[in-house]
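Have a look at the structure below before the remarks.
The values are calculated or read from the model by the stated rules, or taken from the named source; none is laboratory data. Remember, it's a predicted structure, so these values are computed and weren't measured experimentally. Here the Cβ is made from the backbone with ideal geometry for all residues, glycine too, and neighbour counts use every protein chain on show. Ligands, DNA and RNA are excluded from the accessible area calculation, which covers all protein heavy atoms including side chains. Shrake-Rupley method; radii C 1.70, N 1.55, O 1.52, S 1.80 Å.
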Amino acid sequence: MSTWPATAPGLRPLVTLPGVYLPQHDTRLLLRALYREGVGAGTELLDLGSGSGALAVGAARCGALVTAVDISWQAVLATRINAWLSRQRVTVRRGDLTAAVGGRSFDVLVSNPPYVPAPGNQTPRGPARAWDAGRDGRLLVDRICDAAPRALRPGGVLLMVHSGLCGTEDTLERLTSAGLRATVSDRAVIPFGPILRSRLAWLRCQGLLDEVQDTEELVIIRAEQS
């Protein structure tokens, strides 16, 4: 068990469990985007792939009615623990993306999905399930793009963070084709983390990195339902 020293306004340090994604730069970037949306009392929000619950708890602190979903039992437990420690009400369900909420729709859908390109064609298992996302990094990103139009109410907003390595333009095109107004609302450039550093040779062989690149661009995708 470890703790994440949260820096977002009003968010206390979070507990994380083995096998659960430890909140990092992408979490903070997405939290800031979420707060700018004016989430407040009565906003119904769905957090897909809640992990530690950082986003769910942050939204609940703003007054949102939050449902958090993760396929990992450890993540479900971590989200419940952090909601309880923060004295926030969050409905937590175990399941596969929107299948866990039975066709409901929401005002805001937020997600920090696994997006790291990974060698091999096997479905990620164990701790790697929190970050590995297939050879192009889009194993979950594409599914969230496809689910968002049905899960958002009119005027609803999807906020999703992922790496530029898994195709920012592909995400924008997929969401636009689904009828959403999609843009990049934030970008941040960060040094490679340990997972990417361990895969540099493979990533360069795949053409995802050039020989001198040593930073990763994170993007916040904002897509609005008409």
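Name the long-range amide H neighbours of residue 21: under 5 Å, sequence gap of 5 or more, or other chain; modelled H, no Pro or chain starts.
Residues meeting the criterion, in which the H sits 1.01 Å from N, are 52.
Using +1 at the Cβ of each Lys and Arg and -1 at the Cβ of each Asp and Glu in the stretch 127-208, identify which of 196, 183, 145 lies farthest towards the dipole's positive end.
Farthest towards the positive end: 196.
Keeping all protein chains in position, work out how much accessible area residue 212 exposes to a 1.4 Å probe, and write it in Å² to the nearest 10.
Per-residue accessible area (residue 212): approximately 120 Å².
Within the stretch 29-77, which trypsin sites (Lys or Arg not before Pro) sit in a loop by DSSP and count at most 16 neighbouring Cβ atoms inside 10 Å? Write down the numbers at each step before the final one.
Details: sites: 32, 36, 61; in loops: none.
Sites meeting the loop and neighbour criteria: none at all.
As a test of reading the structure, rank 168, 91 by solvent-accessible area (1.4 Å probe, protein chains only), most first. Before the final figure, lay out each step's value.
Working: 168 15, 91 60 Å².
Order by accessible area, largest first: 91, 168.
Using every pair of alpha-carbon atoms in the chain, split the distances into 5 Å bins beginning at 0 and state the percent of pairs per bin, rounded to integers.
The distribution over the chain is 1, 7, 16, 20, 21, 17, 11, 5, 2, 0, given as percents.
Using alpha carbon centroids, what distance separates the stretch 159-218 and the stretch 13-89, in Å?
23
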